[in-house]
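For reference, the structure discussed in these notes is given below.
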């Protein structure tokens, strides 16, 4: 090949590359302006669900199509696992074949909002008929990124204290209450730990993933700390150090905490009766039911009477394709899907908490509480989710750095202050850019 | 050109130079060229442009020049990953060659059921590294695994294996060896059978011991294969990913995070595609240099394999 054609090829590639990496933001204009509800449209829905829930989703899409024959909804899981959806979306943006509505983890909100391809629902959800305020505050915050509402919460949850009643009875301890302090928790964990039977008081994931990180946030908030101060990391404050020290004492000094190198083992060990207490969410109830374990649920232990928890809401993110009819139809469908009536057939049916407070009076909720003991507690605990994780771009990386810091401290390789300072220093760069 | 060994005649016959675009020739190479350009060269060049940008795959990319490369040099995680990779390669390459040669010599005998033994050695290589990894994580599970069961029966202290930051990398190396020794064994077996029997017989006639036959006949005859195996196993060690993904995911405390795994984390876990691409290019450069180094060294020693 002659040098000239090589240079030409490189230039063509550069052009193509720049085109591929560019965005298509069209600010200022509402995506659904001039929407005709009777237009024939086809919209694509990536559910991000596993097999059982996917079947329910497809049934709902068919039901919607029957009621609105002009709207066809192409339903698929979008990716083999929910985690892979972000990669699929990113490839879709590059290739121009992204869906109209996709499931997304709350922690992706910042990055997705920065793509410039999401719809802005800020004024849409404020319509009284939408009932925006029926959805928990932390979930609404997560759906808002960069001052825009980019989607509607798809799932709400929170972390509470789940305990094995049999192990408590054997150790002669009284069950945890909603007023427990972290000192009570530590004492109980120490008493429950028995090396001879491989039984641990409690457990914590030290894989360094978001599962490691977000269990620390409630403790940080209870001590009055913040994750970010503006765009600067603030988790390495005295509050953060005190929060991590609480965990360190149990893991290193007392050895009452099972440290899980993956995210997969601790809840399995809890289900098989080897761990006395775990901090986990309503998703655990399905497996607990299958394991036939007798358990109880209480609010998280608190500091100075503050029992706030963390919520990990997931979202339906709505995308803009420059077609008002598609955008409008997508909004109408999402509104229907997240309405109290449909959500009872969706989230409650697949074992999740209801999205809206108004669903508490539905027969579906009564059935859910009956099937999953502790469901009521998790529902009530939504009120304790007062703060949300940041939705700024760069949170993913901050989370990883904090996760590594926690893992180091709990395995006795570093002190809370040292590890959190190092994590803050590493994260500062990712947040600014 | 003295170093190249092409089986082509040096003097090109004086055919008439055809300036016409040769359709038949292009028809043959066309499809393969398209595939190579489209699926290998284009992504590689694109990755280079990405490596000079800050891009998360979602929001528009921002060109940053050589910043990503400059930051790599100061990234403590990158340095740690490079250390882990080098340690892994330094352990894995000599061990897989030595073991492979040993097993090949042992299997190069006329004994009963030899075909069965050879198959047994090769089976782990055929199994996918992902399956090997999952199997190994059962065996080395500290609480319920077979490895600790054996230690307990022998009255030895039990180990944390893959859950200990100081042991995990060695355990991974061991698992990788278990899978890869089959490969070096097979190529050494083939090479052993290519050694002319007359040479060995002549040496024996002259009264050479078995060790001296091995040292002065077999080893030199195996040299080209050894160079090939060294290059191949170095690349395997440097690019080891699936085994780490299925056993430790880079943990505990990032002690098994190799360069390739770090690139995966950067690009697909934290969505820093630009920085990840820069790290990938650095790895490419280092692997290329390593390979060239091995080839240069072996040519100086008089064997030519590439």
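The values are calculated or read from the model by the stated rules, or taken from the named source; none is laboratory data. It should be emphasised that the depicted structure is a prediction, and the values quoted were computed from it without experimental measurement. Positions of Cβ are backbone-derived with ideal geometry, glycine not excepted, and every protein chain shown enters the neighbour counts.
Scanning region B:103-155 for residues being at positive phi and part of a helix (DSSP H, G or I) gives a total of 0.
I'd like to know if region A:363-377 contains one or more residues that are touching a residue at least 24 places away in the same chain (Cβ under 8 Å), away from every other protein chain (no Cβ under 14 Å), under 30 Å from residue A:238 (Cβ atoms) and in contact with a strand residue (DSSP E or B) (Cβ under 6 Å, 6 or more places away or on another chain). So far as region A:363-377 goes, no, none of its residues is touching a residue at least 24 places away in the same chain (Cβ under 8 Å), away from every other protein chain (no Cβ under 14 Å), under 30 Å from residue A:238 (Cβ atoms) and in contact with a strand residue (DSSP E or B) (Cβ under 6 Å, 6 or more places away or on another chain).
No other residue among A:157, A:84 is free of Cβ contacts under 8 Å to residues at least 60 places away in the same chain, out of contact with any strand residue (DSSP E or B) (no Cβ under 8 Å at 6 or more places or on another chain) and within 23 Å of residue A:352 (Cα to Cα) apart from A:84. Screening residue A:83 with (1) within 12 Å of chain B (Cβ to nearest Cβ); (2) over 27 Å from residue B:47 (Cα atoms) gives one miss only, at (2). Residue A:18 falls short on exactly one of the conditions (1) within 13 Å of another protein chain (Cβ to nearest Cβ); (2) at pLDDT 85 or above, and that condition is (2). Candidates are the residues of region B:61-80 that are touching a helix residue (DSSP H, G or I) at 6+ places or on another chain (Cβ under 6 Å) and within 13 Å of chain A (Cβ to nearest Cβ); the one that is modelled with the lowest pLDDT is B:61. Across region B:268-299, the qualifying residues are those that are at pLDDT below 85 and within 12 Å of chain A (Cβ to nearest Cβ), and the one among them that is surrounded by the most Cβ atoms within 10 Å (Cβ to Cβ) is B:271.
Kindly indicate whether any position in region B:43-51 is within 14 Å of another protein chain (Cβ to nearest Cβ), farther than 19 Å from residue A:93 by Cβ, at pLDDT 90 or above and out of contact with any helix residue (DSSP H, G or I) (no Cβ under 7 Å at 6 or more places or on another chain). Yes, there is a match, as at least one residue in region B:43-51 is within 14 Å of another protein chain (Cβ to nearest Cβ), farther than 19 Å from residue A:93 by Cβ, at pLDDT 90 or above and out of contact with any helix residue (DSSP H, G or I) (no Cβ under 7 Å at 6 or more places or on another chain).
Looking across region B:245-261, the residues that are part of a helix (DSSP H, G or I), within 13 Å of chain A (Cβ to nearest Cβ) and crowded, with 20+ Cβ neighbours inside 10 Å come down to B:247, B:261.
If the condition is being more than 18 Å from residue A:319 (Cα to Cα) and either crowded, with 17+ Cβ neighbours inside 10 Å or within 14 Å of chain B (Cβ to nearest Cβ) (or both), then region A:39-53 contributes A:49, A:53.
Is it the case that some residue within region A:284-292 is in contact with a helix residue (DSSP H, G or I) (Cβ under 7 Å, 6 or more places away or on another chain), surrounded by fewer than 19 Cβ atoms within 10 Å (Cβ to Cβ) and touching a residue at least 60 places away in the same chain (Cβ under 8 Å)? Looking through region A:284-292, none of the residues is in contact with a helix residue (DSSP H, G or I) (Cβ under 7 Å, 6 or more places away or on another chain), surrounded by fewer than 19 Cβ atoms within 10 Å (Cβ to Cβ) and touching a residue at least 60 places away in the same chain (Cβ under 8 Å). When you look at residue A:388, is it touching a residue at least 40 places away in the same chain (Cβ under 8 Å) and away from chain B (no Cβ under 11 Å), yes or no? Yes: the conditions hold for residue A:388.
Applying the criterion of being closer than 17 Å to residue B:283 by Cβ and over 24 Å from the mean Cα position of the chain (by Cα) to the residues of region B:47-65, the residue that is surrounded by the fewest Cβ atoms within 10 Å (Cβ to Cβ) is B:52.
Screening region A:222-244 for residues that are assigned to a strand (DSSP E or B) and touching a helix residue (DSSP H, G or I) at 6+ places or on another chain (Cβ under 7 Å) and picking the one that is surrounded by the most Cβ atoms within 10 Å (Cβ to Cβ) gives A:233. Being outside any loop (DSSP other than H, G, I, E, B) and under 21 Å from the mean Cα position of the chain (by Cα): is that true of residue A:129 here? Answer is no for this residue.
Looking across region A:144-181, the residues that are under 24 Å from the mean Cα position of the chain (by Cα), surrounded by fewer than 19 Cβ atoms within 10 Å (Cβ to Cβ) and outside any strand (DSSP E or B) come down to A:146, A:147, A:178. As a summary of the residue check, residue A:105 satisfies the conditions (1) modelled with pLDDT of 90 or more; (2) under 16 Å from residue B:56 (Cβ atoms); (3) buried (at least 24 other Cβ atoms within 10 Å of the Cβ) except for the one numbered (3). Do we have residue B:83 as more than 26 Å from residue B:194 (Cβ to Cβ) and within 14 Å of another protein chain (Cβ to nearest Cβ) here? No.
Among the residues making up region A:195-207, those that are over 19 Å from residue A:299 (Cβ atoms) and either surrounded by 16 or more Cβ atoms within 10 Å (Cβ to Cβ) or at pLDDT 95 or above (or both) are A:199, A:200, A:205, A:206, A:207.
Listed here are the residues, each with its yes/no results for (1) within 14 Å of another protein chain (Cβ to nearest Cβ); (2) over 30 Å from residue B:258 (Cβ atoms).
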{"site": "B:155", "(1), (2)": "no, yes"}
{"site": "B:161", "(1), (2)": "yes, no"}
{"site": "B:167", "(1), (2)": "yes, no"}
{"site": "B:170", "(1), (2)": "no, no"}
{"site": "B:173", "(1), (2)": "no, no"}
{"site": "B:180", "(1), (2)": "no, no"}
{"site": "B:185", "(1), (2)": "no, no"}
{"site": "B:188", "(1), (2)": "no, no"}
{"site": "B:197", "(1), (2)": "no, yes"}
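For region B:189-244, how many residues meet the condition of being within 30 Å of residue B:82 (Cα to Cα) and in a helix (DSSP H, G or I)? Result for region B:189-244: 19. Within region A:88-108, identify whether any single residue is part of a loop (DSSP other than H, G, I, E, B), away from chain B (no Cβ under 13 Å), in contact (Cβ under 8 Å) with a residue 60 or more places away in the chain and in contact with a strand residue (DSSP E or B) (Cβ under 8 Å, 6 or more places away or on another chain), and answer yes or no. Within region A:88-108, one or more residues are part of a loop (DSSP other than H, G, I, E, B), away from chain B (no Cβ under 13 Å), in contact (Cβ under 8 Å) with a residue 60 or more places away in the chain and in contact with a strand residue (DSSP E or B) (Cβ under 8 Å, 6 or more places away or on another chain).
Among the numbered conditions (1) in contact with a helix residue (DSSP H, G or I) (Cβ under 6 Å, 6 or more places away or on another chain); (2) closer than 21 Å to residue A:205 by Cα; (3) more than 14 Å from every other protein chain (Cβ to nearest Cβ), the only one that residue A:408 does not meet is (3).
Would you be able to say whether some residue in region A:208-221 is in contact with a strand residue (DSSP E or B) (Cβ under 8 Å, 6 or more places away or on another chain), at pLDDT 95 or above and surrounded by fewer than 19 Cβ atoms within 10 Å (Cβ to Cβ)? For region A:208-221, residues in contact with a strand residue (DSSP E or B) (Cβ under 8 Å, 6 or more places away or on another chain), at pLDDT 95 or above and surrounded by fewer than 19 Cβ atoms within 10 Å (Cβ to Cβ): absent.
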